[in-house]
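*Asks:* What follows is a single structure, and I will ask about it in a moment.
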Amino acid sequence: MVPAASPYEFNDEEPAGRWSRSRGARGPRRWPRILLVAIVLPLLLGAGVAAVLGRPVAFEAIRRLTVRKFPDVKWIGAAELTRWLKDPGRPQPVVLDARTADEFAVSHLAGAVRIDPYRPLLRALRGVPKDTAIVVYCSVGYRSARVAHWLEGQGYTRVYNLEGSLFQWANEERPVFRKNWPVNEVHPYDPTWGLLLEARYRIDAPPVQKRSAAP
């Protein structure tokens, strides 16, 4: 049984808002082909680059392609976020984890709140003023960029996407937690994208059901 569509649900096959207008302008038959060539294949190739040229090159390729898709989204690096989180004199950001519940259960950033990357709801930000700083992350930065873009459309003015997201964060030996306990495990999303995560952090887990072009 297929669940009823949510007004907040979005995916690469049926983009909403201005993406829908773009689809209408180009024609419904051309859109899947354009999406495949412009987004899906380059991102998948970006993951494969990790085995050939190294993870830094792959992360940079994915970041550039994500910026092209979501040019309005602001970014923050792992080093800058680490300094921010350690600064008691600076108001702390809300940290949102835009991954599935299974991924979040393995590990996440300290204090992170999960937001569904495919059906985002404002419940995670209930009572949070629209000018509060928000940092969103996922596995490599694509799903979180989509959520950041959506949040900006809801009126939040200080939303940042974490560069490299959780994979790069862990690769740089920054702490991740399961509940309140530090761990050295990260969900790899699937065997292909898991190549971007250093082997010592990868767990053996069923792949995430693909509902977008990248993790």
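*Asks:* Residues of segment 161-182 being crowded, with 16+ Cβ neighbours inside 10 Å and assigned to a strand (DSSP E or B), which ones?
*Replies:* Answer for segment 161-182, where residues must be crowded, with 16+ Cβ neighbours inside 10 Å and assigned to a strand (DSSP E or B): Asn161, Leu162, Val176.
*Asks:* Residue by residue through segment 56-66, note down the ones that are surrounded by 14 or more Cβ atoms within 10 Å (Cβ to Cβ) and either without any contact (Cβ under 8 Å) to a residue 60 or more places away in the chain or not in a helix (DSSP H, G or I) (or both).
*Replies:* The answer is Glu60, Ala61, Leu65.
*Asks:* What's the total number of residues in segment 106-126 that are crowded, with 18+ Cβ neighbours inside 10 Å and basic (Lys, Arg)?
*Replies:* 0
*Asks:* Any idea how many residues of segment 88-105 are loosely packed, with under 11 Cβ neighbours inside 10 Å and over 16 Å from Tyr160 (Cα atoms)?
*Replies:* Taking segment 88-105 first, the residues loosely packed, with under 11 Cβ neighbours inside 10 Å are 88-89, 91, 101.
With the extra rule that they be over 16 Å from Tyr160 (Cα atoms), the set shrinks to 88-89, 101.
Number satisfying all stated conditions: 3.
*Asks:* Considering only residues of segment 131-160 that are of a type in the set (Gly, Ala, Ser) and assigned to a loop (DSSP other than H, G, I, E, B), which is farthest from Ser212 (Cα to Cα)?
*Replies:* The selected residue is Ala133.
*Asks:* Shifting gears a bit: Of the residues that sit in segment 68-87 and are in contact (Cβ under 8 Å) with a residue 40 or more places away in the chain and among the basic types (Lys, Arg), which one is surrounded by the most Cβ atoms within 10 Å (Cβ to Cβ)?
*Replies:* Among those residues, the one meeting the criterion is Lys69.
A quick yes/no check of all residues on (1) within 29 Å of Val57 (Cβ to Cβ); (2) acidic (Asp, Glu); (3) without any contact (Cβ under 8 Å) to a residue 24 or more places away in the chain:
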site: Gly89; (1), (2), (3): no, no, yes
site: Pro120; (1), (2), (3): no, no, no
site: Arg158; (1), (2), (3): no, no, no
site: Leu166; (1), (2), (3): yes, no, no
site: Val176; (1), (2), (3): yes, no, no
site: Lys179; (1), (2), (3): no, no, yes
site: Glu185; (1), (2), (3): yes, yes, no
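Every read-out reported here was derived from the displayed coordinates using simple, explicitly stated rules and does not represent laboratory data. This is a predicted model, so every value here is computed, not measured. Please note: Cβ atoms are built from the backbone with ideal geometry, for glycine as well, and neighbour counts cover all protein chains shown.
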